[in-house]
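Read-outs: derived from the displayed coordinates by stated rules, not from any lab. Here the structure is a predicted model, which is why all the values come from computation and not from measurement. So basically every Cβ, Gly included, is an ideal-geometry build from the backbone, and we count neighbours across all protein chains shown.
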Amino acid sequence: MTAAVATIRAHTVLTPPSLVPEILLYQATELTAIWQATEAWLAVHNVSDPPFWAFAWPGGQALARYMLDHPARVAGRLVLDFAAGSGIAGLAAARAGAAWVEANDIDPLALAAVGLNAEANELAVAALAGDIVGSPCRWDLILCGDVCYEGPMTRRILPWLKAMAGGAEVWIADPGRAYLPADGLESFAAYDVPTSLQLEDRTTRRAVLYRLLPDAT
């Protein structure tokens, strides 16, 4: 057992998220505890990312719910779960019949969590490590759950995602984050997702699913 796997198993509970009872995730039950528990591991491995992977964020849950309810939109496709966190969107894509699913995150703990979550659900999701922004498109569908929460990140990833939208569908699920672009998006679904006051400023977030439009040529 790796140190990452041991850390995740020791400080999370395998439980379904509120909107997606079909999928089990290793989730933290308390924010401060998981932050403190992973701090030493993160320092040793020179990783500074908070444990986003330990929670089922509204955007990821909304993507998962939509794909499980509309499997024909996913079946047979090559799918990327970008900035995957727990991997909930990728797991749902696999369950909905995607031909191949990759989950990408720069946090090695997140990728370890994706692997554990895939094993728990008996689903095949391949971990894709590192920063892939700028990579050529080899997918049919790119899933982005809750990625517009910071200005620098949004400004960096959006040009690449728009370029990807020229050859693939790019779905962004956003629960009202400050840096969601004001245009270039086409909404196609929305869900009210129960949330925790430990993570959000309200008990429910309205997560809207958008298709990202490619830049006009």
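See the values below:
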read-out	value
Tensor-based shape of the chain (alpha-carbon gyration tensor, a/c under 1.5 rounded, otherwise prolate or oblate)	rounded
Calculated FRET value between Lys162 and Ala3, using beta carbons and R₀ = 35 Å, to 0.05	0.40
Residues with amide H under 5 Å from that of Gln27, placed H, sequence gap 5 or more	Val13, Leu14, Thr15
Dipole-positive endmost among Cys137, Trp53, Pro108 within the chain (Cβ charges, Cα centre)	Cys137
Ranked Leu91, Leu80, Leu141, criterion: other C-beta atoms within 10 Å, fewest first	Leu141, Leu80, Leu91
Exposure proxy order (Cβ contacts within 10 Å, fewest to most) of His70, His11	His70, His11
Unit charges at the beta carbon, dipole of the chain: most positive-side option, Tyr210, Tyr149, Thr7	Tyr210
Rel. contact order, % - alpha carbon contacts under 8 angstrom, at least six apart, the chain	19 percent
Exposed-site-free run, longest, the chain (rule: trypsin sites (Lys or Arg not before Pro); DSSP loop; at most 12 other C-beta within 10 Å)	1-137
Per-residue ³J(HN,Hα) for segment 170-187, Karplus 6.51 cos²θ - 1.76 cosθ + 1.60, θ = phi - 60°, Hz, x for Gly and Pro	10, 10, 10, 9, 10, x, x, 6, 5, 10, 4, x, 7, 9, x, 10, 10, 6
Sorted by Cβ neighbour density within 10 Å, fewest at the top, the residues Cys137, Cys144	Cys137, Cys144
About the Cα centre, charge dipole magnitude for segment 3-212 (Lys/Arg +1, Asp/Glu -1 at Cβ), debye	320 debye
Share, in percent, of DSSP beta bridges within the chain that are antiparallel, nearest 5	50 percent
